[in-house]
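Right, one structure below, let's go through it.
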Amino acid sequence: MMDNIKFREAVLADARTLAEMHLASWRHCYGHLLCKQWLDSPAAQTERIQYWEHALRTGKKRIELAMCGDRPIALSEADRVPDADGEAFLDNLHVLPGWQGQGLGQALLVRLLDALHGKTGARTLALTVVEDNQPARGFYRAKGGHEKAEGVHRYGDGSVLTLLRVEWRDLPVLRADLARAAA
């Protein structure tokens, strides 16, 4: 299956597609936690398009799409370079429903780690995950991620969801573990 998958960096023209993928992922993962009317609303669409347009214009994040033919099926967004403490932050990792469990999330993580390899001071990878998102938490734990309380996030519908911070403290070890898992 992965033989048919190609990866590419997103461009500004992809903002609407990224927004649609992001909302599809939220509907799948958080549909029981967020207001369905808001998730399906033009306001949510506009907010996500603006988010992705801003991210793409600034160029500070590496935004990558996994493609099956001309169909986008997964995305990642992370720091291009680590911060002063050596941490790279993974803002988004979404695999569309129907494509989950096929190695796309892991492949995007590997590509991110490969892009960070050799960047001065890259030592840690971190992200936040919604506490009630058990499938994502299980995925990150299976990859050796360590969780701790992080706070909350207010979504556009007014919902407030509890977040956990997930981190990996040794990027070479994470990369080696992911390579072993893929073999």
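The values are calculated or read from the model by the stated rules, or taken from the named source; none is laboratory data. Note that the structure is predicted; figures quoted are calculated from it, not measured. Please note: Cβ atoms are built from the backbone with ideal geometry, for glycine as well, and neighbour counts cover all protein chains shown. For the accessible areas, the whole protein counts, side chains as well, though only heavy atoms, and no ligand, DNA or RNA atoms are used. Shrake-Rupley method; radii C 1.70, N 1.55, O 1.52, S 1.80 Å.
Under a point-charge model restricted to the Cβ atoms of Lys and Arg (+1) and Asp and Glu (-1), what is the dipole moment magnitude of the range 1-158 relative to its Cα centre, in debye to the nearest 20?
For the range 1-158, the charge dipole is close to 200 debye.
Taking the chain as the reference, fit the longest principal axis to its C-alpha atoms, fit the long axis of helix 42-58 to the helix C-alpha atoms, and give the angle between the two in degrees, 0 to 90, nearest 10.
That works out to roughly 30 degrees.
Probe of 1.4 angstrom, ligands and nucleic acids ignored: what's the accessible area per residue over the chain, in square angstrom?
Counting only protein heavy atoms, the per-residue value for the chain is 51 Å².
For the range 119-177, what value does the Rg/Rh ratio take when both radii are computed over Cα atoms and Rh is the Kirkwood radius, given to two decimals?
1.06
If you build a Gaussian network model of the chain, linking Cα atoms that sit under 10 Å apart, which residue out of ALA44, ALA115, ALA88 swings the most?
ALA115
Keeping the other protein chains in place, figure out the carbon and sulfur percent of the accessible area of the range 90-183, with a 1.4 Å probe.
50 percent
Quick one: helix 171-182 against the long Cα principal axis of the chain, what's the angle to the nearest 10°, folded into 0 to 90?
80 degrees
Among LYS60/LYS143; LYS36/LYS143; LYS6/LYS61, which pairs are too far apart, with a Cα-Cα distance over 29 Å?
LYS36/LYS143
Name the residues of the range 99-116 whose amide N is less than 12 Å from a point 7 angstrom out from the Cα of ALA179 along the C-beta direction?
Within reach of a label on ALA179, which here means backbone N under 12 Å from a point 7 Å along Cα→Cβ, the range 99-116 contributes 114.
Output the Kirkwood hydrodynamic radius of the range 36-144, Cα pairs only, in Å rounded to one decimal.
15.3 Å
Mind telling me which of LEU12, LEU104, LEU125 comes out most flexible in a GNM of the chain, alpha-carbon contacts under 10 Å?
Its mean-square fluctuation being the largest, the pick is LEU12.
If you line up the long axis of helix 15-30 against the longest principal axis of the chain, both from Cα atoms, how many degrees apart are they, to the nearest 10?
The angle comes out near 90 degrees.
Can you compute the helix-only [θ] at 222 nm over the chain? Use -39500 (n - 2.57) per DSSP H run of at least 4 residues, normalise by all residues, nearest 500 deg cm²/dmol.
Value at 222 nm, helices only: -12000 deg cm²/dmol.
Heads up, I need the accessible area for LEU90: 1.4 angstrom probe, whole protein in place, Å², nearest 10.
Near enough 10 Å² of accessible area.
Please report the accessible area of VAL81 (heavy atoms, 1.4 Å probe, ligands and nucleic acids excluded) in Å², nearest 10.
In the full protein context, VAL81 sits at about 90 Å².
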